[in-house]
Amino acid sequence: MGYNVAEKIISSHLVNGSMTTGREISLRVDSTLVHDLSGLLAYIGFESLDIPSIVVSKPYTFLDHNLISTDHQSMDGHVFIRSAAKKYGSFLSLAGNGICHSLYYSRFGVPGTLLIGADSHCSTAGALGMLGIGLGGLDITVIMSGEPYCMKMPPILNIHLTGILPKGCCAKDIILTILNKISVKGGIGKIIEYNGDGVLGLTVPQRATIANMGAETGAISSVFPSDQRVREFLESQDRMECFNQLLADGECCYSEILEIDLGTVCPMAAMPSMPDNAAPVSALSDIRVNQVYIGSCANGSYTDIARAAKVLEGKRVHPDVALLVSPGTRQVFQMLLRDGYIKMMVDAGARILECGCGPCIGLGQAPPTDGVSVRTSNRNYIGRSGTKSAQVYLTGTETAAATAVTGFLTQACQVVGLDVLEQVSEPTKYIIDDSMVQAFTHDPTVGLIKGPGIKPMPVAGRLDKDIDATVILKTGDGITTDDIIPPSAEVLALRANIPALSEYLFNNLDCGFSQRARTLGNSIVVGGENYGQGSSREHAAIAPMFLGVKAVLAKSISRIHRSNLINYGILPMTFTNPCEYNYIEQGDELSIINVPKQLETQSILLENKTGKRAITATIVLSERERNILLAGGLLPYIRAKRHEGMWSSNEPVRKDY
């Protein structure tokens with residue numbers, strides 16, 4: 001029996017284990033990715049391991065997320081990260097060069113390789129026929145230091161695309177259609193692999209949009225074949241030497257198959273406040289809009305923005321609408337400038353922002369109170385835009401541009417002839433200018449430069465034998481890491497200062513959480529389905545640990561957040577019987593006796609002293625994960641391994657820069 005694309009990549013990187021679904025495997029990692037938010041703790045953690053240099057072959061560091069400097073803290077973070085890249089040896093993409101995911105697949109990615117990055121949207125790299133997997137920053141610390149990546153062999157969901165995308169539709173409409181079918185939980189624990197005749201009609205940037213938002217299904221990663229389209233794209237980027245064909249074998253198998261006829265796709269919009277809450281734009285009427293944002297790593301490509309410009313050409317943005325545009329990379333910006341598309345947008349009344357994440361993650365350009373914002377980004381959670389009361393709709397760039405003209409949620413066909421959009425095509429040659437990427441080999445003479453807001457990483461002590469704790473908060477379903485750590489310029493600037501950051505924990509849900517946590521000492525958070533979904537933001541785990549949260553007990557916990565909880569010594573437990581969620585209330589006193597022993601059975605018995613009843617939880621752990629929890633988190637676990645001479649190898653052979 002043959003292999004599919006995901007299995008081919010996994011098999012070529014296998015260090016330990018067998019490719020049996022559900023079994024733990026270890027994989028050799030080709031490259032890592034951190035940025036100016038996730039990289040702060042990743043490099044603080046790396047320093048604490050006292051390792052002289054990064055060992056993984058191709059480490060990349062990007063200054064692209066936190067580009068707003070309301071005071072010294074954001075730029076202090078940039079200075080620290082730059083000094084760490086120089087000291088330990090990493091490629092560094094400077095501020096203004098573009099968004100990490102867009103830059104990675106355009107300039108650095110190689111078909112058939114494995115990227116592990118500290119950001120949930122590392123799945124974007126799957127557009128090239130490679131695996132990109134997002135984790136928390138501390139996981140990347142350990143991988144950069146030479147450890148392989150460990151995970152359970154996942155099932156592979158095949159999404160089989162047939163037909164041709166109709167005029168006026170885009171890749172965003174495809175992935176919103178998929179999300180509407182399988183939901184934000186449909187990809188949990190799986191890798192999504194795309195194939196079928198419909199794939200041949202999709203360019204690499206279109207595939208990147210789909211792979212990017214695979215993260216919104218909860219998937220571990222998304223992958224496309226490396227085929228003629230990938231060859232054409234790499235040739236346009238003057239990187240033909242990186243191409244290698246990677247296709248699924250004809251007799252390969254998948255755990256499940258979903259058929260999508262692209263001919264049935266129509267312009268879609270994800271309604272507030274989940275990416276899977278999608279409907280045809282034609283079914284949504286009379287939605288008055290205050291703001292339109294075109295850009296992000298989901299829809300910041302040349303073709304995305306050029307098609308939006310064609311919608312705007314010769315027209316004016318509605319006077320009640322603020323239109324914001326940010327190309328995904330400086331390369332794309334240069335191309336759009338050269339070809340006149342930026343002029344079309346500026347003439348129409350658009351405001352051009354720098355090439356970065358910005359509005360997508362709530363760093364600048366927040367909508368007004370109770371405002372409606374139509375965005376081409378990938379998430380529309382409550383508060384994600386920076387305004388808790390705002391209503392955010394997600395669309396493709398054509399719909400967004402048409403909406404900016406009319407002031408109402410509008411299909412492009414109501415503003416422009418669809419044949420006009422077809423005049424835009426993917427460039428055959430891109431402008432090549434990597435002058436804003438610096439390649440550092442490690443230099444032990446470089447000192448780390450730490451501003452006053454860059455504090456040491458808090459580390460939990462060894463796991464308590466017995467836990468007596470209060471239920472500090474009980475949440476509903478779908479709690480995101482944005483709900484746990486609010487996305488805003490004020491808060492995100494504190495990501496290297498956990499004591500200060502922890503003051504904002506759960507602020508959008510419960511503004512008294514932090515004070516109550518300090519008073520209680522030990523506490524437990526109870527959640528519903530898919531607790532911790534969304535961003536890889538590990539601060540949603542380290543800040544609760546800092547304030548004494550000992551465990552999370554939920555109906556289900558998202559993959560990355562579960563990993564982050566383990567990394568910081570917090571028990572990630574799920575209800576064995578979800579109905580027992582109803583038997584716990586905020587303020588209840590819970591007790592767990594002999595926790596280390598119970599971890600061996602993977603079944604945890606909790607006593608609700610307040611409710612006078614026993615509750616059973618499940619905690620399925622690999623031996624490695626159990627040992628991490630016993631040690632009090634990933635850093636003390638790795639330190640102990642090094643001390644005991646049990647350090648494993650990721651085949652740490654650095655290539656010449």
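General observations
- Cβ-defined net charge surrounding G371, 14 Å radius [Lys, Arg +1; Asp, Glu -1]: +2
- For the chain, with +1 on Lys and Arg beta carbons and -1 on Asp and Glu, the positive-most of G364, G2, G478 along the dipole: G364
- Spin-label model, K455 to E259: label points 7 Å out along the Cα-to-beta-carbon direction sit 5.7 nm apart.
- Additional length obtainable on full extension of the chain from Q228 to K641, 0.36 nm per residue less Cα span: 144.2 nm
- Share of pairwise Cα-Cα distances greater than 13 Å in region 228-287 is 77 percent (whole percent).
- Pairs beyond 24 Å (Cα-Cα), from K167/K315; K474/K609; K172/K310; K58/K185; K87/K550: K58/K185; K87/K550
- Across the chain, the longest piece that holds none of the trypsin sites (Lys or Arg not before Pro) lying in DSSP loops with up to 16 other C-beta atoms within 10 Å covers 168-315.
- Cβ-based charge dipole, region 467-524, positive-most Cα from I467, L505, I524: I467
- Placing +1 on the Cβ of every Lys and Arg and -1 on the Cβ of every Asp and Glu, with no other charges, gives the chain a dipole of roughly 860 debye about its Cα centre.
- The alpha carbons of region 5-264 give a radius of gyration and a Dmax of 18.3, 58 Å, in that order.
- Taking 0.36 nm per residue of sequence separation and removing the Cα-Cα distance, the T576/L337 pair yields an extension gain of 80.4 nm.
- Quotient of Cα Rg and 2.2 N^0.38 Å for region 467-643, N being how many residues it contains: 0.97
- Surrounding net charge for Q598, when Lys and Arg each add one and Asp and Glu each subtract one, Cβ distance under 15 Å: -2
- Mean-position separation - Cα centroids, region 12-83 and region 293-368, in angstrom: 30
- FRET efficiency estimate (nearest 0.05) - Cβ-Cβ, D433 to E47, R0 35 angstrom: 0.60
- Cα-centred dipole magnitude for region 63-166, charges only on beta-carbon of K, R (+1) and D, E (-1), debye, nearest 20: 260
- Label-point separation, N180 to L94 (7 Å along Cα→Cβ), nm: 4.5
- Each Lys and Arg contributes +1 and each Asp and Glu -1, all at the Cβ; summed about the Cα centre of region 5-264, the dipole is approximately 100 debye.
- Computed from the C-beta positions of S69 and K465, the FRET efficiency with R₀ = 56 Å rounds to 0.75.
- At an R0 of 30 angstrom, the distance between the Cβ atoms of E585 and S389 translates into a FRET efficiency of 0.60.
Laboratory data are not the source of any read-out in this text; all were calculated from the coordinates shown. Values in this document were obtained by computation on a predicted structure and should not be read as measured data. Cβ: placed from backbone, ideal geometry, glycine included. Neighbour counts: every protein chain shown.
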